[in-house]
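Engineer: Once you've had a glance at the structure underneath, I'll fire off some questions.
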């Protein structure tokens, strides 16, 4: 079966004033759709791979035929990264995590404020296009890291929990070149309940 563009879990304007409706609409309907279409196009030449989820493909890129491996890395990553991006934001976002995730963050970074500062700095200083992540291993150890382009933490053996898209298409209409301002606004829409759910399901 072909992969389908996941529906947004909220309206285009639900993240206002922090993320503007026009950017969310274009980002989801145009950019995310393009990654979906190009992933499906790549898999058409190897229909047996349509039996696998995108998580399976990205978790074991070496098993993907070489002639489409880069396309699956780029477009499969773009497809899945954006799915996580939309899921981990919401109109009632912001605040801090609770429960097991809070404990893991405090163990790794000391406290939430230190985590937030380190994550923000990683995102602000990422060169070029890519993503900043809070990811975990299966043992529950969390880490902040970045990936270039549309590379996925899954391909590094990690479980992605919280992604921040640092491609300019994620913020340029509202923030132009003011990436740090975009990052500060994004903290207000982080859906920590969803992030916690991903952590406990690892």
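The values are calculated or read from the model by the stated rules, or taken from the named source; none is laboratory data. Values in this document were obtained by computation on a predicted structure and should not be read as measured data. Cβ coordinates were reconstructed from backbone atoms using ideal geometry, including for glycine residues, and neighbour counts include every protein chain displayed.
Engineer: When you go through 154, 162 one by one, which is the residue that is closer than 19 Å to residue 120 by Cα, touching a residue at least 40 places away in the same chain (Cβ under 8 Å) and surrounded by 21 or more Cβ atoms within 10 Å (Cβ to Cβ)?
Structural biologist: Exactly one of 154, 162 is closer than 19 Å to residue 120 by Cα, touching a residue at least 40 places away in the same chain (Cβ under 8 Å) and surrounded by 21 or more Cβ atoms within 10 Å (Cβ to Cβ), namely 162.
Engineer: Within the range 104-136, how many residues turn out to be surrounded by 14 or more Cβ atoms within 10 Å (Cβ to Cβ) and not in a strand (DSSP E or B)?
Structural biologist: Going through the range 104-136 one residue at a time, the tally reaches 17.
Engineer: Conditions first: (1) at negative phi; (2) assigned to a loop (DSSP other than H, G, I, E, B); (3) touching a residue at least 60 places away in the same chain (Cβ under 8 Å). Residue 140 passes all but one, so which condition is the exception?
Structural biologist: (1)
Engineer: Being surrounded by 13 or more Cβ atoms within 10 Å (Cβ to Cβ) and outside any helix (DSSP H, G or I) is the requirement here; does residue 9 meet it?
Structural biologist: Yes; evaluated as a whole, the condition is true for this residue.
Engineer: Additional query: What helices (runs of 4 or more DSSP H) lie completely within the range 12-93 and have 1 or more residues being crowded, with 16+ Cβ neighbours inside 10 Å and within 16 Å of the chain's Cα centre (by Cα)?
Structural biologist: Answer list for the range 12-93: 21-26, 33-43, 54-59, 77-87.
Engineer: Which is over 18 Å from residue 163 (Cβ atoms) and not assigned by TED's automatic domain parsing to the domain that holds residue 162, of 65, 9?
Structural biologist: 65
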